[in-house]
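All remarks here apply to the structure that follows.
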Amino acid sequence: MNEKELLEQIRQSAETITPPDALSPDSIEKMLREQAASEGTPNTGRKKSKFSVYHLGTIAAVFVLALVGVWAAASRNWKFKGAKPELSESQPVQTSTQPLLSDAPTSETVSEDTARLPAADSYETIYQALQDKFYYYDEEIYYDFDTVYEESARDMGVTGDAYASEDMSVAADSSDLSHSETNVQEIGVDEGDFVKTDGKFIYILKRSGSFLIVSANQGELEIVSSIKLPISENVKEMYVDGDNLSVITTGYYTSLDTGTEGVYASSSNYRTTLYTYNIADREKPELIGTVSQDGNFSQSRKNGDYIYLFTQYSPDIQSTYEESSIIPKTSQGELSASQIYLPEHLTYSTYLVASSVNIHEPGEIRDQKAVVSVASTFYASEKNIYIANEVWNSSNTRTELMKLHYENGQIYGAAAGSVEGYLNDSFSLNEHNGYLRVVTTSYDENYDERNGLYILDENLVLTGAIRNLAQDETIRSARFLGNTGYFVTFRQTDPLFSADLSDPADPKILGALKISGFSSYLHFYNDHLLLGLGYEANENTGARTGLKLSMFDISDPSNVKEVSKFVLSGITWCSSLDNYRSILVDPEKNLFGFTCDNRYLLFSYDEEKGFVKEFIYDFYNDIISQSLNDTLSEDITIEEESSLENDWYYDYYDDDSVTRGIYIGDTLYLVRPSAVTAFDMSDDYKQIGRLFLN
């Protein structure tokens, strides 16, 4: 496709788009006034019918999930060597003498050896465990089963071909302004993202395979340098720490192995790489270290000077150990058997590989470990990493938990355990004073849903629990503050539960505020206010009717109140709310913003006025065709044109989660794959700059 055809396609597509009226500034102002006028009006929700259409639909959905789980287990069975594996193998490490559905907290005990995550004693032991569970041999036919649930490659991909303005030696200085940070789950544990700022520069990873350093001088935007990454690798995320910039990529590789008697075979797998650059001179980033490890990128975290990298590695299990390839490698070499943790009951053949790298020694791996398990949910506290996997069967669901301790680059397996039910997301997990608090949703033999709160000690032994909460509802969000936990369940209305967790052996529900709709993301705004972002819903059917902002007064956890709410009618989904890193929340600056339906919404909160609309930017009004005219040239290459189309695709087709709103001083920057736009927050958010990215 040439540039003229691309421009024409964009123009035609843009003409067909009608932004929702509910997101127009006038509509929002009107709704804010109407909501303010009716503030304080009590909610009068009706008692729902137990056999509502929505309820039956959910039962059917859960039933289908259960059937899928049973089918998946059955379909695996013919590939397994030996007898059919019983799903009961996924039962918890702890042994309880009390009924699973008991309302009373349980105190379960387990030996120290059982609680710890055991390391393998040899490669052969690992192979035998994998082969017994995941390999079937029948005459001359070989089958290799990785896992039904293995994560697919994400679509995010060094050479020193940087470019910069002449005579511009750019370095960071001490005059950096106050600036926003990546929204993270745990204070003190940084998370990677594709947009970062240090108060003077904006660092941008582009899906097309490069990273840019942009000077942000009060809205005067200029590309200082650009580094192209290997075309075979997909960019994932990055970190910036002073004069160090670290970029994570994943690529798929195929290598040729020489067998015996002149037999050749190829092997393929994913490999994840961490590139570290010295950016003391922002004009000329210098590659100072590279490490890699087998596996597709899963997660990363940064704590202090160390980046912790996690990948999913799929072994190749054949009929003999010699023919198999089951040991993951890093740039430091193969992991030893003692570095691989082998759970007693294997559910997945895929490994989670973990390594640590000191940003000041970026060419070396400090430590490396692996666990034979995937991580469907991942949570990192300041000292521990928790890996959670749901195990579904026809009678119940359990979440298996594994705990890795990490400190100063060292990683080791600490414990294993499980709880009843499945997790909503990583915010359903929280560690405090060595105890892990977990909230889950489960269902019984009649597919009736219920919820529970569990507290586990440092060995992942259950110390206390509250079960059978909010019958026929599901967990939608959770947040913990010290000894108090808050979580939202939903079916037709939204009970916001508060719980006293000060006694790990005896947690107690303090209160339950029942209101319409539900919050899918919770954020502590100050010591007595909790912000909820989510959706309004019909109290009789549970159907979503609009986007809802809620502010809860939590000064008395036993009597939580919704002191303000704001509803944008007709908005029933915002992908930005499902990706907390895409949400800008800064209570000290009294700002929170996110993207919804291709518009950026920025609010503040006034304890007297309630929610205040600060700024709305409509990305539909961006003249994207002009940006392409500015960046396309007659001699553009096919690769460059494809890159621009790719960036435009993610801008145009309403992927809210790729937008980042950041601020530096009094300037707001909206960063998308194709452009950075600057606004003066001190002058009614007047647009003062725009830089198109190529």
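Structure notes:
- Filter result for residue 489 (surrounded by 23 or more Cβ atoms within 10 Å (Cβ to Cβ) and under 22 Å from the mean Cα position of the chain (by Cα)): yes
- Subset tally (residues that are modelled with pLDDT of 95 or more, in a loop (DSSP other than H, G, I, E, B) and surrounded by fewer than 20 Cβ atoms within 10 Å (Cβ to Cβ)) for region 350-380: 5
- Pairs with Cβ under 7 Å, 6+ apart, first in region 557-584 and at negative phi, second in a strand (DSSP E or B) and acidic (Asp, Glu): 560/553; 561/553; 563/553; 567/536; 581/193
- Selection of region 560-575 for residues being buried (at least 17 other Cβ atoms within 10 Å of the Cβ) and of a type in the set (Lys, Arg) yields only 565.
- Of all residues in region 260-267, one or more are in contact with a Gly (Cβ under 7 Å, 6 or more places away or on another chain), surrounded by fewer than 24 Cβ atoms within 10 Å (Cβ to Cβ) and at pLDDT below 95.
- Breaking point among (1) out of contact with any strand residue (DSSP E or B) (no Cβ under 6 Å at 6 or more places or on another chain); (2) in a strand (DSSP E or B), for residue 447: (2)
- The set of residues in region 505-546 that are among the small types (Gly, Ala, Ser), modelled with pLDDT of 90 or more and either part of a strand (DSSP E or B) or on the phi > 0 side of the Ramachandran plot (or both) comprises 511, 512, 519, 520, 532, 534, 546.
- Flag for residue 347 being surrounded by fewer than 21 Cβ atoms within 10 Å (Cβ to Cβ), among the β-branched types (Val, Ile, Thr) and farther than 27 Å from residue 240 by Cα: yes
- Exclusive hit being surrounded by fewer than 20 Cβ atoms within 10 Å (Cβ to Cβ), in contact with a Gly (Cβ under 9 Å, 6 or more places away or on another chain) and either outside any strand (DSSP E or B) or at pLDDT below 90 (or both), set 502, 555: 502
- Qualifying residue in region 462-471 (condition: part of a strand (DSSP E or B) and small (Gly, Ala, Ser)): yes
- Selection status of residue 400, in a loop (DSSP other than H, G, I, E, B) and of a type in the set (Asp, Glu): no
- Search result, residues across region 303-336 that are under 25 Å from the mean Cα position of the chain (by Cα) and among the charged types (D, E, K, R): 305
- Exactly one residue out of 288, 307 is surrounded by fewer than 24 Cβ atoms within 10 Å (Cβ to Cβ) and either out of contact with any strand residue (DSSP E or B) (no Cβ under 8 Å at 6 or more places or on another chain) or among the β-branched types (Val, Ile, Thr) (or both): that is 288.
The values are calculated or read from the model by the stated rules, or taken from the named source; none is laboratory data. Just so it is clear, the structure is predicted and the values come from calculations on it, not from any experiment. Cβ atoms come from the backbone with ideal geometry, glycine included; neighbour counts cover every protein chain shown.
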